[in-house]
Amino acid sequence: MRLSELGEFDLISTLAARVSDHDPRVVLGIGDDAAAVRSDSSRLLLATSDALVEGIHFTRQTTNAFRLGWKTLAVSVSDIAAMGGMPAFALVDLGLPEDTDIEYADEIYSGLQACADEFNARIIGGDTVSSPREIFIALTLLGEVEPGMMVSRQGAKPGDRILVTGTLGDSAAGLALLTGRNCEIPAADKRFLEDAHMEPIPRLNEGRIIASRNWATSMIDISDGLAGDLTRISHASGVGAVIYADKLPYSDAYRHFVEACGVDPLALSLHGGEDYQLAFTVPNALAEQIIAQANELDIRLTEVGRIKAEPGISIRYPNGEIKELLAGGYEHFTGTEKI
Ligand SMILES: [Mg+2]
């Protein structure tokens, strides 16, 4: 059934049926003028929002409705993780063209709810509106963090070492494959990279461990590429950074992809974006200990660079050569890729 054949009330009740807000913290969920929730006054309230617009952030060819819903919430969970916090409540505004199939909207909500279940968030409200042509989803996520545990982008000091969770470049490689890049790589690698793009796993557990053990002097989630996101830490902390070109962590699938496609591995790992890993800085003297402790918890951390006093981001090659990088990352309003 198309949306145009269904009234707004029916649409809302169809979508609300997908949502589970059973939680002692939720006093009133979807269905009243506003939701009412209990908050813990001893914690800081975190708030973040993200909007995904069809044609800009996704297309119906590069994802499906379930995964679109998943990713919309996952990218906000990643922001909360980067603060050292825990997600709590989400509000979702969904814009749908009138000819949208109701099942498509329903599946978006299934994806949202699956991600909410995975990361212990509750969808407590939002709005559905009709959109002239494109689908859009705007999501606000509230989270909580103990005041002493919050990690911001400020606080990186010259000499600090830069660590990242997981591997870099997978999502951008997946997007390249989804948008028609034709390379001879094993089907399992292709699936791994495409999954990394369509259904990212935010590093919530890792963020909580980093924050609770007081490891990080600053932290950010890698949404726009390591180079762009380190630029943000550098600006916020009043420092610069050197990235080690030969130390970036890659998955086997990513290695196969760059070999088969003849792609410079640094192009996507530095500037590709949407990895949703965490990048954080730690005091020089503690780095080895932190990496070893994380290893015991089955968390892969890799040292990828160092904070320097001089502003700017540079890259150091194994032969000792150092090159200055510009900010990098994707600039939304100009739509240009800077390298
Ligand atoms: Mg972020």
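Brief remarks follow.
- Span-like helix ranges in the chain, DSSP H, alpha carbon extent 15 angstrom or more, Kyte mean at least -0.5: 65-82, 102-118, 226-237
- Coordinate range of the alpha-carbon atoms in segment 36-114 per principal axis, descending: 46, 26, 18 Å.
- Histogram of C-alpha separations across segment 3-149, 5 Å bin width, %: 2, 10, 20, 23, 20, 13, 7, 4, 1, 0, 0
- Counted charge near Asp189, where neighbours are those whose Cβ lies closer than 12 Å (Asp, Glu -1; Lys, Arg +1): -3
- With both residues required to sit in the chain, DSSP beta bridges show an antiparallel share near 75%.
- Taking the 1.4 Å solvent-accessible surface of the chain as the whole, the part contributed by carbon and sulfur is 50%.
- Where only C-alpha atoms are counted, convex hull volume of segment 215-293 per residue in Å³: 106
- Remark: C-alpha extents of segment 161-325 on the principal axes read 44, 35, 26 Å, sorted largest to smallest.
- Of Ala36, Ala176, Leu230, farthest towards positive along the dipole that unit charges on Lys, Arg, Asp, Glu beta carbons give the chain: Leu230
- The chain - Cys residues lacking any other Cys C-beta under 4.7 Å: Cys115
- Across every pair of non-identical alpha carbons in the chain, the mean reciprocal distance, once inverted, gives a Kirkwood radius of 20.9 Å.
- Per residue, in Å², the accessible surface of the chain once ligands and nucleic acids are set aside, probe 1.4 Å: 46
- Trypsin sites (Lys or Arg not before Pro) lying in DSSP loop within segment 225-331, provided at most 16 other Cβ fall within 10 Å: Arg300
- Estimated dipole of the chain in Debye, rounded to 20 [Cβ of Lys and Arg +1, of Asp and Glu -1, Cα centre]: 1280
- Segment Arg213-Leu297, extension gain: residue separation times 0.36 nm, minus the distance between their alpha carbons: 29.0 nm
- Under 23 Å from the Cα of Lys308 - lysines, other chains or at least 8 residues apart: Lys157, Lys247, Lys323, Lys338
- Averaging Cα coordinates gives a centre for segment 290-312 and one for segment 181-241; these two points are 13 Å apart.
- Loop-resident sites, segment 150-219, for GluC sites (Glu not before Pro), counting at most 14 other Cβ within 10 Å (DSSP): Glu184
- Per-residue SASA entry for Thr59, accessible area with 1.4 Å probe, Å² rounded to 10: 50
- When segment 161-325 is described by a simple charge dipole with +1 on each Lys and Arg Cβ and -1 on each Asp and Glu Cβ, the residue from Gly305, Asn319, Val239 located farthest towards its positive end is Val239.
The values are calculated or read from the model by the stated rules, or taken from the named source; none is laboratory data. These numbers come from a predicted model, not from an experiment. Glycine gets a Cβ as well: all are built from the backbone with ideal geometry, and neighbour counts include every protein chain shown. The protein model used for the area step is the full one, side chains on, heavy atoms only, and it has no ligands, DNA or RNA in it. Shrake-Rupley method; radii C 1.70, N 1.55, O 1.52, S 1.80 Å.
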